[in-house]
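Structure first, then comments.
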Amino acid sequence: MSLLSPREHVDFLVLGGGIAGLTFALEASGHGSVLVLTKRQRSEGSTQYAQGGIASVLGPDDALDLHVQDTLVAGAGLCKREAVEVTVREGPERIRWLLSLGVEFDREGPDRLHLTREGGHSRRRVAHAKDTTGREVERALLAACEARGIRIVEDQVAVDLVTSGKAGIGGPNRALGAYVLDRASGDVVLVSAPITVLATGGAGKVYLYTSNPDVATGDGVAMAYRAGAAVANMEFFQFHPTCLFHPQAKSFLVSEALRGEGGILRNAAGEAFMVRYDPRKELAPRDIVARSIDAEIKRRGDDCAFLDMTHLPKSFLLDHFPHIYATCKEFGIDMAAQPLPVVPAAHYQCGGVVTDLMGRTTLPRLYAIGEVSCTGLHGANRLASNSLLEGLVFGRRAALCCADELGEASGPAPALPEWNPGDALAPEEGVVVAHNWDEVRRLMWNYVGIVRTMKRLDRARTRIKILRDEIREYYWQYRLTPDLVELRNLADVAMLIVECARQRKESRGLHYLLDHPKPDERWVRDTVLTRGDLE
Ligand SMILES: Cc1cc2nc3c(=O)[nH]c(=O)nc-3n(C[C@H](O)[C@H](O)[C@H](O)COP(=O)(O)OP(=O)(O)OC[C@H]3O[C@@H](n4cnc5c(N)ncnc54)[C@H](O)[C@@H]3O)c2cc1C
């Protein structure tokens, strides 16, 4: 039996319980009934792993214009200025909101937050809670949801959106809810809602090496694409420069704040190499640092690079980075005494489901907020610590807009088709799913990684096409499992990334194409894909 009743109907169906989904839920709960679904435990998502913090203009030497400017520079010509301006302008109020919910940011004094500086920021402006900011924010948001009686149901995997078009209901195509797989029972139930909100986070799992948790399989982007919403700029995938290189560390992320506080990148010979790649050295934007590490590792044939913090006092490291210090220690590395072995790993999806400034997608009644969305804030590259901020700002904006829209959209639950399992058989070839998972991720890492060529992109496309056909066949033959749902989504997202990358015949921001190594003015525009473009 599913944890959801067979025919759930709510005003706001929120898929995802990270910073974006929970912000939305809290802001919308006064306007209608809210149901938040999470794929695994309620706190599991990228939000709770965020270390560095949240960027906002809070310091005495800072100004909104400076944050706007830094974001535009990182975005390499593709940011939407209005999206940047609203995000930056509304940031300080969002931090105060978090404080009012009880988030314990580090402080310099009773009235002043301690702010760190990260790569690409011209000022110290990153509010943080030690090096476990995300965990603290997620804790406070969940506590606030509980206090307000907001219903959160765990272990529910949204499979596909329900649309009026597919359900055979007249009028313009619009979202009407989702089909949801209960992890424990394997049942699929229909949840109908006049407003559906995608807050499903990113898709780091599409790459072999990633800093993202297991839930980050791009489900929201894949579902939105299949339902007919526009998806854009998927070629811009940010690789975090420094994940711990250790066989047992499942891509543990070593925060950028370490470089901000003076960490030095060295190669295996002990040389500080960043000076050869960029005058800003360790404080260059993360794509440049990631590419530099990649190039240095490849140039020398090393397995990894090293982040050296040994010149800083141990007490400073323990005070500022207790979580990173303790985790590295568990792996037998004392960062006060030896440099940390690091490699780049897939970290953040800058593109996503296209939205306007209120989080509305191109499919009516469907909203997208947080990492799943493409609001125009990040353009071709995300400025560090702008993503938690985006979830906070757009979570609230979407809630305001939905509250208005609900008035015209609410009503009794429409008659919608139940999930039809057809003649699906019990899954028996788990090996097929596991093999294809691995193949997609390895293929993406090798052919569609930090440095790309047209030839490799074409190869990737041919192979992913075959994989998608195979997955599709398997999908309709066997009963759904969470792994199968995710595999199908990963393959769709992989194809969206490849297709966007093939279209963009230039190098810009995070998309580095050896065949066209320079930016090209003709490409100052988004790469937008809609249903049918992949076939
Ligand atoms: C290690 C790490 C460190 C980071 N550090 C920072 C930082 O310091 N500052 C910063 O600004 N950003 C940072 N980021 C990025 C930032 O954490 C994310 O962009 C942000 O948390 C995304 O929030 P979200 O609400 O969109 O999604 P998430 O927090 O990822 O939540 C996604 C939710 O969607 C649910 N979900 C997914 N698919 C389905 C489905 N099919 N059905 C139902 N539910 C589903 C998940 O269960 C989860 O609840 C970091 C990311 C990582 C991985």
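Here are a few things to note about the model shown:
- For the pair ALA269 and GLU108 in one chain, pulling the backbone fully straight at 0.36 nm per residue adds 54.1 nm over the alpha carbon distance.
- Amide N proximity, the range 496-527 versus VAL73 label position 7 Å along Cα-to-Cβ, cut-off under 12 Å: none
- Total charge dipole magnitude, the range 239-385, about the Cα centre, Cβ charges on Lys, Arg, Asp, Glu only, Debye to nearest 20: 300 debye
- When the square roots of the Cα gyration tensor eigenvalues are ordered a ≥ b ≥ c, the ratio a/c for the range 300-396 is 1.5 or more and a/b exceeds b/c, which makes its shape prolate.
- Shape category assigned to the range 189-274 from the gyration tensor of Cα positions, a/c cut at 1.5: prolate
- Ligands, DNA and RNA left out, the 1.4 Å accessible surface of the range 53-150 is 48% carbon and sulfur atoms.
- Between the listed residues PRO364, LEU467, PRO322, the Cα displaced farthest toward the positive end of the dipole of the chain, a dipole computed from Cβ unit charges relative to the Cα centre, is found at LEU467.
- Cross-link partners of LYS455 among lysines, defined as those whose alpha carbon lies under 26 angstrom from its own and excluding same-chain residues fewer than eight positions apart: LYS205, LYS298, LYS465, LYS505, LYS518.
- In this structure the range 1-117 gives 42 Å² per residue of accessible area when probed at 1.4 Å with all protein chains present.
- Note on ARG452: accessible area is roughly 0 Å² with a 1.4 Å probe, heavy atoms of protein only.
- The H on the amide N of ARG151, modeled in the peptide plane, is under 5 Å from the matching H of VAL34, VAL36, each at least 5 residues off or on a different chain.
- Calculated accessible area for the range 328-393 comes out at 22 Å² per residue, all protein chains present (probe 1.4 Å; ligands, DNA, RNA ignored).
- With all protein chains in place and a 1.4 Å probe, the accessible surface of the range 467-535 carries 47 percent carbon and sulfur.
- The accessible-area ordering, largest first, of the residues ASP214, ASP303 stands as ASP303, ASP214, per a 1.4 angstrom probe.
- Positive end of the dipole of the chain (Cβ unit charges, origin at the Cα centre): among PHE394, VAL84, CYS145, the Cα lying farthest that way belongs to VAL84.
- Projecting label points 7 angstrom from Cα along Cα→Cβ for ARG276 and ASP187 puts them 6.2 nm apart.
- Overall form of the range 157-308 per C-alpha gyration tensor (a/c, 1.5; a/b vs b/c): prolate
- Label-zone membership for the range 56-75, site ARG96, 7 angstrom Cα→C-beta point, backbone N under 14 Å: 57-59
- Under the simplified labelling scheme, the GLN477-MET1 pair shows an inter-label distance of 3.5 nm, with each label point 7 Å from Cα along Cα→Cβ.
- Label-to-label distance, LYS298 versus HIS311, with points set 7 angstrom from Cα along the beta-carbon direction: 2.9 nm.
- Counting only Cβ charges, +1 for Lys and Arg and -1 for Asp and Glu, the dipole size of the range 1-145 around its Cα centre is about 320 debye.
- Simple Cβ-charge dipole of the chain, Lys/Arg +1 and Asp/Glu -1, about Cα centre, in debye nearest 20: 1040 debye
- Calculated mean residue ellipticity, 222 nm, the chain: -11500 deg cm²/dmol, from DSSP H runs (n ≥ 4) at -39500 (n - 2.57) each, averaged per residue and rounded to 500.
- Summed over the residues of the range 170-285 and divided among them, the accessible surface reaches 27 Å² per residue at a probe radius of 1.4 Å.
- Whole-percent carbon and sulfur share, accessible surface of the range 188-237, 1.4 Å: 50 percent
The values are calculated or read from the model by the stated rules, or taken from the named source; none is laboratory data. Since this is a predicted model, take the numbers as computed values, not measurements. Note: ideal-geometry Cβ built from the backbone for every residue, glycine included; neighbour counts use all protein chains shown. Note: areas computed on protein heavy atoms with side chains; ligands, DNA, RNA excluded. Shrake-Rupley method; radii C 1.70, N 1.55, O 1.52, S 1.80 Å.
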